[in-house]
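The values are calculated or read from the model by the stated rules, or taken from the named source; none is laboratory data. As the structure is a computational prediction, the values presented were derived from the model and not from experiment. Cβ: placed from backbone, ideal geometry, glycine included. Neighbour counts: every protein chain shown. Please note that ligands, DNA and RNA were not included when accessible areas were found on the heavy atoms of the full protein model with its side chains. Shrake-Rupley method; radii C 1.70, N 1.55, O 1.52, S 1.80 Å.
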Amino acid sequence: MQFNRIIQDIMHYVKKDKINFIIWNCILLLMIGLLKFNFVSCIFGFLTIGILIPISLRNNKVLILTQLLLSMSILFFTLYCGVNIIFKYLPDLISLIILIKVLLKILKREVKITDKYIVIFIILLIINIIAFIINDQSLIVFIVGLRNYYIFYIAFLGYLYLDITKKDVKLIIKSIIIFSFIQIPITVVQYFYFRTADVDLFQDYVAGTFGERMNGDLGFLILIVVSFYIASYLVGKIKAKSLLPLVLFGIPVILGEIKIVILVLPIIIVILFLSRISKKGIKVLCIAIGTIAIVFFGLILKYPEFRNLFNVKYIQYYAYDLSYGDYQTNRFSAPVYVQNNLLDTMPKELFGIGVGNGSDNGPEILNSEFFNENSKLGTNLFFSSIFLLENGWIGLTIFLILMSYIIYKIFVLKKKVKSKEDEIFVIASRGVVIVLLVSFLYSLSIFNLTFGYLLFFILAVNIRISREVNKEE
């Protein structure tokens, strides 16, 4: 029945907007001819460019959901299913569509260009342009560097301003939760495949649909889904037994050796339960912590090096002396190295070396001379170091002020929201805040294809809820 309903909805859109569908399918045929797609790429292209993109132009819910799900699965399709690498840029295309829609709203005066979120990103753009000029940066590298950041900034503005309902947001979150459980069987298959493959640290490849060595982002998705489950329980939307499926996430955590989940999950659980303290809540909290302890001891049995997490000397060594893989810095030392060694003039300290200059932009022709000379440093792997390096202290300060303001909104919203759906979202977002703060040091996840869009979506929805509450007041 559900499948038939989907087909009927698609046919409705086709009849309603035939010209749009014809144009996009003509574009697809042109791509097939020029890039010589294989059969799998043709089918994938028809489903996305031929169907989803035309529908997305008319339906913001489909537009956003398509971007979120594609961003967390496209690398899987390109790496393991034979889909052409060009489809990796489909989320970029959707950000471009979002930009056009937001600009149209500004022209129609439905959105003010003086809105503080637009102003902040304009200021960041001005800083990037100043850095481009003072560093005599390559135009190609600069454009690619802008793309690295602004596909997410634009998506955030779209999530904030485009017309979607609370029902749409609920459907999107429900779809993300279903998507997260799909990761479990995929990680099981990947574990048994990669353990026999000739790869180093094969556990890093157990990342579900997130792609090679992206299991950290899979871990962040698990933490977010757990946050929504706990929030639903605390608000009374689900019963305690509905939390049991979360135990299944122990499978990808153990198989993929996702340390970040074990380290961060207890913090999230405590913070969320403190949002609504009750005897029943404390009981479930104890059960949850006990379950985490069991999974953790399972990890210790399978990976004895986990015992080092209790060793103070090892933690100090890990933080300051141990390099990240083959690189010369690690998560903690990278930003210090940037400040002491790479931002060697006052203009660079203020505005950075320019977006794209310190990043791995893919093909060598798109990388800067600076990156080619310093690629072994590893400063491009972590938000704290690469954002400071490319945007300077002014850019980093502005971005952190924005994040701090949104975090403040999330923590004060709970007392103001009236509906259960909004309360669930706001409480769960407290867990997302922990993920955000950890990602600042842990990785570049906030600007990763596989995780950035979801993070900015949740942040934007909180601003939508805040504005709605303020209107009611």
### Task
Leaving ligands, DNA and RNA out of it, rank 369, 110, 421, 349 by accessible area with a 1.4 Å probe, largest first.
369, 110, 421, 349
### Query
On the accessible surface of region 192-269, probed at 1.4 Å, how many percent belong to carbon and sulfur atoms?
61 percent
### Message
Could you work out what % of the accessible surface of region 332-473 is carbon and sulfur, using a 1.4 angstrom probe and leaving DNA, RNA and ligands out of the count?
### Response
59 percent
### Message
Take residue 400 and residue 114, extend 7 Å from each Cα along the Cα→Cβ direction, and tell me the distance between the two endpoints in nm.
### Response
3.0 nm
### Query
Calculated from DSSP H runs of 4 or more alone, at -39500 (n - 2.57) each and per residue, what is the 222 nm mean residue ellipticity of the chain, nearest 500?
-22500 deg cm²/dmol
### Query
Convex hull over the Cα atoms of region 362-447, averaged projected area in nm²?
7.1 nm²
### Query
Lys/Arg Cβ at +1, Asp/Glu Cβ at -1, dipole of region 334-473 taken about the Cα centre: which of 411, 352, 366 is farthest positive-ward?
411
### Task
With all protein chains present, calculate the accessible area of residue 81 using a 1.4 Å probe and round the result to the nearest 10 Å².
50 Å²
#### Entry: residue 241/residue 165 FRET efficiency (R0 41 Å; Cβ-Cβ; nearest 0.05)
0.85
### Query
How much net charge surrounds residue 267 when only other residues with a Cβ under 14 Å from its Cβ are counted (Lys, Arg +1; Asp, Glu -1)?
+2
### Query
How do 226, 412 stack up against each other in accessible area, from largest to smallest, with a 1.4 angstrom probe?
412, 226
### log₁₀ of I(q)/I(0) at q = 0.12 Å⁻¹ - the chain, Debye sum with one point per alpha carbon
-1.22
### Query
For the cross-link pairs 88/348; 61/416; 170/416; 88/112; 105/170; 88/420, which exceed 28 Å when the distance is taken from alpha carbon to alpha carbon?
88/348; 88/112; 88/420
### Query
What's the extension gain from residue 375 to residue 133 if we count 0.36 nm per residue and subtract their Cα-Cα distance?
84.8 nm
### Accessible area in square angstrom per residue, region 328-415, 1.4 angstrom probe
44 Å²
#### Entry: Order of exposure, largest accessible area first, which applies to 385, 404, 242 with probe 1.4 Å
404, 242, 385
### Query
If you take the beta carbon distance between residue 177 and residue 267 as r and set R0 to 22 Å, what does 1/(1 + (r/R0)^6) give as a FRET efficiency, to the nearest 0.05?
0.55
